[in-house]
Amino acid sequence: MYQHTRLSNNRLSFFSKFKNFDYMLLTCILFLGFISLATMYSTDGGKVLFHTKSHFIKLVTFTAMMLIFSLINIKFWFTVGYLIYLAVIGLLVWTYLFGIQSSGSQRWIDLYFINLQPSELMKICIILCLAKYFHRMKLENVNSIYTILTSLIIILLPMGLVIVQPDLGTSLLIAISGIAVLWFAGINHKYFIYTMLGFLISLPFIISFLKPYQKLRVLTFLNPDRDPLGAGYQIIQSKIAVGSGGIFGKGFLKGTQSYLEFLPEKHTDFIFTLFSEEFGFIGSAILLLIYVIIIYRVLAIGSNSRSYFAKIFCYSFGVAIFVYIAINMSMVLGLLPIVGSPLPIMSYGGSSMLATMLGFGIVMSSRVHNQQAIA
C-alpha cells in the first residue's frame with residue numbers, strides 16, 4: 001500500500017497546467033481521432049454524410065471537454081467520485097423506467113442533442129468510485145469481508161441495472177473495469193481464482209438463463225457456418241473483409257466488402273474490420289501501436305502520480321482500455337462472441353466517446369497535477 005501524504009497547497013497557473021500536459025498522449029489521442037474521422041468518412045462512401053458529420057461534432061466537442069477536464073485539479077475528481085457514481089446509477093434507473101426502446105433494448109435517454117447511454121459512462125465512473133473507496137483504505141482492511149462485500153455491491157448494482165436493459169456485453173465490461181480496481185487495490189489474488197473457477201463451473205447454468213438471441217450468439221461463435229446467411233453472416237463477412245486487406249490493404253475508400261454493403265454495422269462495433277480491409281496488416285499494426293502508446297502513457301502517468309487515488313484510477317483505466325480494444329478486435333476476428341463492445345474513439349457513438357474522453361481527462365488531470373497529494 002502506498003503511503004498517503006497530506007494535501008499539497010501548490011496551485012498551478014493556467015499556463016503551467018498546459019506545460020504539464022502529456023503531449024505524447026494528447027498527440028496519440030488526436031491522431032487516433034483523425035484516423036477515426038477518416039474511417040467514418042469511408043463508411044459514408046467517401047461523402048460527408050450523417051455519420052461523418054455527427055462523429056466530427058462529437059469528436060471536437062468531447063476532445064474540448066477532455067482538455068477542460070484536464071485543467072481541473074485531481075482532488076476535485078476524488079471529491080466527486082461517489083456523487084458521479086450515484087448520478088449515473090440514477091440515470092440507469094431512469095433508463096429502465098423511461099428510456100428509449102430500440103431493437104428490443106431500452107438503453108438510451110433522449111437528451112435532444114444526444115441519445116445518452118448511461119451504461120457507457122458507468123464503465124468509467126465505477127473506476128472513479130472504487131478508486132476513491134480504496135484511497136484511504138488501510139492495508140489490513142483491504143481483504144476484510146466488509147470491504148469485499150461493499151466492493152461487490154458497488155460493481156453488481158450497475159451490472160444488474162444494465163443486464164435488465166438487456167445489455168449483457170456492457171455489463172461484463174463494467175464488471176471488468178471494477179475488477180481491475182480491486183486487483184490494483186491489493187485484493188488477495190486467491191479471490192479472483194475462486195471467482196473464475198465458480199464462474200466456469202456455473203457457466204452451463206448461466207447459459208440456460210440467457211435470452212434466445214444471446215444463446216444464438218454463443219452458438220454462432222462456436223460455428224458461424226451453421227447459419228451463414230443469418231446469425232453467422234456478420235462475423236463471416238467480417239473475417240473475409242479483414243483477410244482480403246492483405247499486407248497493405250485495398251486502399252482508402254476502396255474496401256469492396258464495405259462499399260458493396262456486405263459488412264453490417266461497419267460504423268460501430270465493426271469499424272476495425274473496414275479499417276483493416278482498406279489499410280491491411282500494416283495499417284492495423286500502426287493502429288495497434290497507437291493504442292499501445294496510449295495505454296503505456298496512461299500507466300506511466302499513474303506511476304508518477306503522487307496520490308494513491310490517481311495511481312489506482314490510471315492503472316485501472318489503462319487496463320480497461322486494453323480490455324475494450326482486445327474484446328472488440330477479438331470479436332470482429334471471430335475469436336469471441338459478438339458482445340457489442342465499441343473500439344475506443346474509433347467507433348461511432350457519442351456515449352462511448354464521452355466516457356472515454358472523461359477517462360482521458362481524469363488521467364491528464366493526474367498528469368497536470370501529479371504533485372497533488374490527497375489526504
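Helix 189-208 and the longest principal axis of the C-alpha atoms of the chain enclose an angle of approximately 40°.
Evaluate the relative contact order of the stretch 1-137 (contact order divided by residue number), counting alpha-carbon pairs under 8 angstrom at least 6 apart; express in whole percent.
Details: 76 pairs, mean separation 23.2, N = 137.
Rounded, it is 17 percent for the stretch 1-137.
Expressed as an acute angle from 0 to 90° and rounded to the nearest 10, what is the orientation of the C-alpha long axis of helix 118-135 relative to the principal long axis of the chain? Rounded to the nearest ten degrees, it is 30.
Computing FRET efficiency as 1/(1 + (r/R0)^6) for Phe14 and Ile201, where r is the C-beta to C-beta distance and R0 is 41 Å, gives about 0.15.
Any idea what angle helix 168-185 forms with the longest principal axis of the chain, computed on alpha-carbon atoms, 0 to 90 degrees, nearest 10? It works out to around 30 degrees.
Within 10 Å, count the other beta carbons around each residue, average over each peptide in 347-355, 36-44, and list them highest first. Numbers along the way, then the final one.
Numbers: 347-355: 23.2, 36-44: 21.0.
Those peptides, ordered most packed to least, come out 347-355, 36-44.
For the stretch 46-119, what class follows from the C-alpha gyration tensor (a ≥ b ≥ c being the square roots of its eigenvalues): rounded when a/c is under 1.5, otherwise prolate if a/b is larger than b/c, else oblate?
Numbers: a/c = 3.70, a/b = 1.11, b/c = 3.34.
Oblate, because a/c is 1.5 or more while a/b does not exceed b/c.
Listed values for the stretch 319-333 are Karplus-derived 3J(HN,Hα) couplings in whole Hz (6.51 cos²θ - 1.76 cosθ + 1.60, θ = phi - 60°), namely 5, 4, 4, 4, 5, 4, 5, 4, 5, 4, 5, 5, 5, 6, 9, and x replaces Gly and Pro.
Given a 1.4 Å probe and the protein chains as shown, Ser284 ends up with an accessible area of around 10 Å².
At a 1.4 Å probe radius, carbon and sulfur cover how many percent of the accessible area of the chain? List each step's numbers first, then the result.
Working: 12420 of 17760 Å².
C and S atoms contribute 70 percent here.
In Å², and per residue, what accessible area does the chain have when probed at 1.4 Å with the other protein chains present?
Working: 17760 Å² over 375 residues.
It amounts to 47 Å² per residue over the chain.
Taking the alpha-carbon centroid of each part, what is the distance from the stretch 158-200 to the stretch 48-92 in angstrom? About 24 Å separates the Cα centre of the stretch 158-200 from the one of the stretch 48-92. Stokes-Einstein diffusion for the chain at 10 °C, viscosity 1.306 mPa s, with a Kirkwood radius from C-alpha pairs, works out to 73 µm²/s.
Once the Cβ-Cβ distance between Tyr146 and Ile286 is put in as r, and R0 is 56 Å, what FRET efficiency do you end up with, to the nearest 0.05? All intermediate terms of the calculation are to be shown ahead of the outcome.
Numbers: r = 48 Å, r/R0 = 0.85.
My answer for the efficiency is 0.75.
Any of Lys123/Lys250; Lys266/Lys311; Lys53/Lys132; Lys47/Lys250; Lys239/Lys311; Lys75/Lys138 with alpha carbons more than 27 Å apart? Name them for me. Too far apart for the 27 Å limit: Lys123/Lys250; Lys266/Lys311; Lys53/Lys132; Lys239/Lys311. Distances between placed amide hydrogens fall under 5 Å for Arg107 paired with Ile100, Ser102, all partners being 5 or more residues away or on another chain. Only Lys, Arg, Asp and Glu carry charge here, each on its Cβ (+1 for the first two, -1 for the last two); on that basis the chain has a dipole of about 1060 debye about its Cα centre.
Computed with a 1.4 Å probe on the full set of protein chains, the accessible area for Ser365 sits at about 0 Å².
Relative contact order for the chain: what is it in percent, counting Cα pairs under 8 Å that are at least 6 residues apart? Write out the running numbers ahead of the final one.
Values: 543 pairs, mean separation 110.4, N = 375.
Once normalised by length, the contact order is 29 percent.
The values are calculated or read from the model by the stated rules, or taken from the named source; none is laboratory data. Keep in mind that what you see is a predicted model, and the values were worked out from it rather than measured. Counting neighbours? That spans all protein chains shown, and the Cβs are built from the backbone with ideal geometry, glycine included. Ligands, DNA and RNA are excluded from the accessible area calculation, which covers all protein heavy atoms including side chains. Shrake-Rupley method; radii C 1.70, N 1.55, O 1.52, S 1.80 Å.
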